[in-house]
């Protein structure tokens, strides 16, 4: 590692060479090497890169790496430091427009690039956001607050609790809508837990992120942000929602119920899908079109119930053939209080696990069954084996998604250790996590290649 | 200062180009011959008009690594285009659609690129950094092209000097445009992502012909590797042109080297004439400080226009606006290129930036015979406070587009006071060019965060070097020394059989001209006869050359031997004929004379030729024709002696 900022990111032989010629980063130099000389600006180096090369930004704008070992001289001609600044413009105030609060947790909805690590630095102040997505001012008066700066995968129960409390405060203050910027990987975990921790919100609470970071011209960030702000400002849907691209095309976004949504593709823009149901609405720059009318409506009071608790000793076990009982046993031994099993088919695990499940029951561990098919209900009455498992204390969790069941169990155990009460909480639908009916147009995973599907895709930009 | 007047293309001399300070450099794009694309595993080089689906995207400018927005990016953003991509599943996966991150760079492509870098005498970088070069025109769905500089500071020989190769980059190819009408641009995606190299020369060329000649050298160099794609669109030149006092202007995507001279001539003329226009403006007292323009909404004066474009504008409820350019009278008719005027520069900007793509998109008071009655002109001029020294430009479009158009007209007119604005331009078939976009700068480059830097090892370079062809210009001069016919030198020097030729000459001591003709001209002749010469591979050709070197096939029998191989479809020893003994030859001569005597000839003078032809049918490849001729003492006058 380098000693100081003058040689940011450099170490080993590369650092030695730079120090020898006193060539600090941002120096405009000519590197003389065994095979020719190279002109450019010395850039900071990513700390994960090797320690053998020096990064040069040549005048045409490209970067190249030159082996430090080849350098015989460095001539310094000047210095030019980069200053990153997203053009900041005061977010215009319009008394006729609703007040929307954007809470940041760390995603990359609006961002600039960190030259050194290649990471993106979020742009966040209203001025910065207005500078990069001026359309936001068409919908609302925006206020922002950065709660956390963490990657999605590092969101933890303490962040969920903090976020729920922050939402409560904003609602009390009378904002007309809340947008939460969040990394996409665990957005559906957060949307689910918020659906339980924040109940009876009078205003829309919209989670948003981006699949292509906003340092790219084709990013989905700006449009997602516009859609989410429009939803927060104008929609009458007072629920926790995830607002992300509907199709991969820049056409409309979908508003998913926080407990029924899941990230389904590692990189697609349209990665979020409502599972076991249909989304609440579509949203475009122009309008919000409900797809159903059973959602909770916006109210004009400031009342909300915040119940921000979480028991961390809960796990998901994703069943696979040949799973050994020691997996369950190790959870019992480590003091876990709850286990969500993602079982096969209608909710099954193999027979060798039964004794371990019995030990879990005896140890007072709450065990719930969900399905790894994601779509459909757990049905433990259909086969004898299901009934045996229920006798062992495994409780079917209807059509709750495994991740949703996981956060709900943590939330329930956070409130009580009484397993009967936990069961009551778990099986009482609070925010659509368990539904009585699965609509017949819910499960529509089109099989590509079929002529009728090809026809559909040819006619509709998806 | 700018008193030189451009002559017609064919009359321009080198001295004329020197007078205007003509200067030009090249950026040559060449597709590499790989099976797959550069950053995904889609097949490369499969083009098709068919598509299975469309997706719609928009582009927004982003900050560069240095913290600024690029001018082109902002311009493209102003245009607010709906960009539609046509997807053919056989050639495109989720990577090209920008729904999957890139895979690691195709090693075959990089190897080919590095090899060509060495042929151009470049310094190869030690570590490859992939950059994102912003393209907000939508030609790449990500909004940027992944590109990396891998070689710098090379040279190629030209005349008695060296032309410097400034840099070489490896990059992914872009989409092909289908249409661009109004706010809707449509692209095909089949070409997208194919590996490409860009070679940039210094602007060392001083005449249009020199530019084309240097382009040929570069083209021949890459072709000599036989690892680059051929055919329409596989190689495309961007040509940079400037004149004294002008600006570096890039003419994009010239598909043929033969078009370069006329295109660069016209661009030089355009710049020169724009500089003359600036001089004229200054003479009228118009500078960037004193420049004045005003715009007015004149929709109400245009209730029932006769002129079709205005009539349809009124029907659509468009706004019609006038822009008064103070003191500009006559200048929209100022000639810029052959048959192009300053009004084209204005119209181009309106077309590209305000998306008013239906031409004509402007009319102006400098052009007589426009279809507005003079009473209307008078009313418009009066309403717009225009006097006789002013030019009035009229433009129409919806609220937003007409507003952008008015702005662009004023911007472009004002730029005339400065000279030649930085732009990229598109060449037309007639050799003129039109505005494409503002010339992008270094600000549009930023590092690709999806892929790590990649070390290029010496080992890798050594391996590639071992497989490289000899530099074709070295072959060229050697062939000249050998006295090989001029028409064969060029092709042989980039032929894949050039090394076989070298072996044949140096090791097997084959006559150089004979070897060159066997390798280059004979296959061509046989192809003309309709044969599939693909059968004649390196092995067969070297067999032929060896047999020829050993005297087993006489020179005059090589072509027929090759033909025999093509007829049979394979090489076999029976193409070698047993040599005829002198006695056998004598016998054949007597037989042939007997046959000849039984033919009644119209012209006794042809006797010799006919006899020779009868004889050689039997003896070709078995006895040297020259010796047969000697034996029958054949000369042009006929047969003097037999036996």
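The values are calculated or read from the model by the stated rules, or taken from the named source; none is laboratory data. Computed from a predicted structure; not experimentally measured. Counting neighbours? That spans all protein chains shown, and the Cβs are built from the backbone with ideal geometry, glycine included.
The table below lists the values:
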{"item": "Number of positions in the stretch A:33-50 that are under 22 Å from residue B:461 (Cβ atoms) and away from every other protein chain (no Cβ under 12 Å)", "result": "0"}
{"item": "Among the residues listed as A:376, A:410, the single one being closer than 26 Å to residue A:273 by Cβ and under 22 Å from the mean Cα position of the chain (by Cα)", "result": "A:410"}
{"item": "Total residues in the stretch B:153-163, condition facing chain A (nearest Cβ under 10 Å) and either in contact (Cβ under 8 Å) with a residue 60 or more places away in the chain or crowded, with 23+ Cβ neighbours inside 10 Å (or both)", "result": "1"}
{"item": "Residue in the stretch B:414-421 that is within 27 Å of the chain's Cα centre (by Cα), under 20 Å from residue B:293 (Cβ atoms) and not in a strand (DSSP E or B) present", "result": "yes"}
{"item": "In the stretch A:51-72, residue nearest to residue B:449 (Cα to Cα) [restricted to those that are within 7 Å of another protein chain (Cβ to nearest Cβ), part of a loop (DSSP other than H, G, I, E, B) and in contact with a helix residue (DSSP H, G or I) (Cβ under 7 Å, 6 or more places away or on another chain)]", "result": "A:61"}
{"item": "Residue that is modelled with the lowest pLDDT, among those in the stretch A:81-91 that are within 9 Å of chain B (Cβ to nearest Cβ) and in contact with a strand residue (DSSP E or B) (Cβ under 6 Å, 6 or more places away or on another chain)", "result": "A:84"}
{"item": "Meets criteria (within 20 Å of the chain's Cα centre (by Cα) and either buried (at least 21 other Cβ atoms within 10 Å of the Cβ) or assigned by TED's automatic domain parsing to the domain that holds residue B:196 (or both)) for residue B:130", "result": "no"}
{"item": "Counted residues, the stretch B:456-480 - those being within 14 Å of chain A (Cβ to nearest Cβ) and either surrounded by 15 or more Cβ atoms within 10 Å (Cβ to Cβ) or within 30 Å of the chain's Cα centre (by Cα) (or both)", "result": "4"}
{"item": "The stretch A:12-32, residues that are buried (at least 18 other Cβ atoms within 10 Å of the Cβ) and either outside the structural domain of residue A:70 (by TED's automatic domain parsing) or closer than 11 Å to residue A:68 by Cα (or both)", "result": "A:14, A:15, A:17, A:18, A:31"}
{"item": "Residues that are assigned to a strand (DSSP E or B) and surrounded by fewer than 20 Cβ atoms within 10 Å (Cβ to Cβ), drawn from the stretch A:275-305", "result": "A:282, A:289, A:290, A:297, A:305"}
{"item": "Of the criteria (1) under 19 Å from the mean Cα position of the chain (by Cα); (2) buried (at least 19 other Cβ atoms within 10 Å of the Cβ), which one residue B:177 fails", "result": "(2)"}
{"item": "Complete set of residues in the stretch B:30-52 that are within 14 Å of chain A (Cβ to nearest Cβ) and either under 21 Å from the mean Cα position of the chain (by Cα) or modelled with pLDDT of 95 or more (or both)", "result": "B:39, B:40"}
{"item": "Residue list for the stretch B:423-466, filter: in a loop (DSSP other than H, G, I, E, B) and modelled with pLDDT of 95 or more", "result": "B:456, B:457"}
{"item": "Residue that is surrounded by the fewest Cβ atoms within 10 Å (Cβ to Cβ) [pool: residues in the stretch B:218-243 that are assigned to a helix (DSSP H, G or I) and out of contact with any helix residue (DSSP H, G or I) (no Cβ under 7 Å at 6 or more places or on another chain)]", "result": "B:223"}
{"item": "Of the criteria (1) part of a strand (DSSP E or B); (2) touching a residue at least 24 places away in the same chain (Cβ under 8 Å); (3) within 22 Å of residue A:5 (Cα to Cα), which one residue A:48 fails", "result": "(1)"}
{"item": "Test for residue A:231: is it closer than 29 Å to residue A:306 by Cβ, assigned by TED's automatic domain parsing to the domain that holds residue A:125 and in contact with a strand residue (DSSP E or B) (Cβ under 8 Å, 6 or more places away or on another chain)", "result": "yes"}
{"item": "Residue in the stretch A:175-186 that is under 25 Å from residue A:134 (Cβ atoms) and within 14 Å of chain B (Cβ to nearest Cβ) present", "result": "yes"}
{"item": "Residues of the stretch A:252-269 that turn out to be touching a strand residue (DSSP E or B) at 6+ places or on another chain (Cβ under 6 Å), surrounded by fewer than 21 Cβ atoms within 10 Å (Cβ to Cβ) and facing another protein chain (nearest Cβ under 8 Å), as a count", "result": "0"}
{"item": "Some residue of the stretch A:389-396 being over 21 Å from residue A:356 (Cα atoms) and within 28 Å of the chain's Cα centre (by Cα)", "result": "no"}
{"item": "Test: residue in the stretch B:61-76 that is more than 22 Å from residue A:270 (Cα to Cα), away from chain A (no Cβ under 12 Å), outside any loop (DSSP other than H, G, I, E, B) and modelled with pLDDT of 95 or more", "result": "no"}
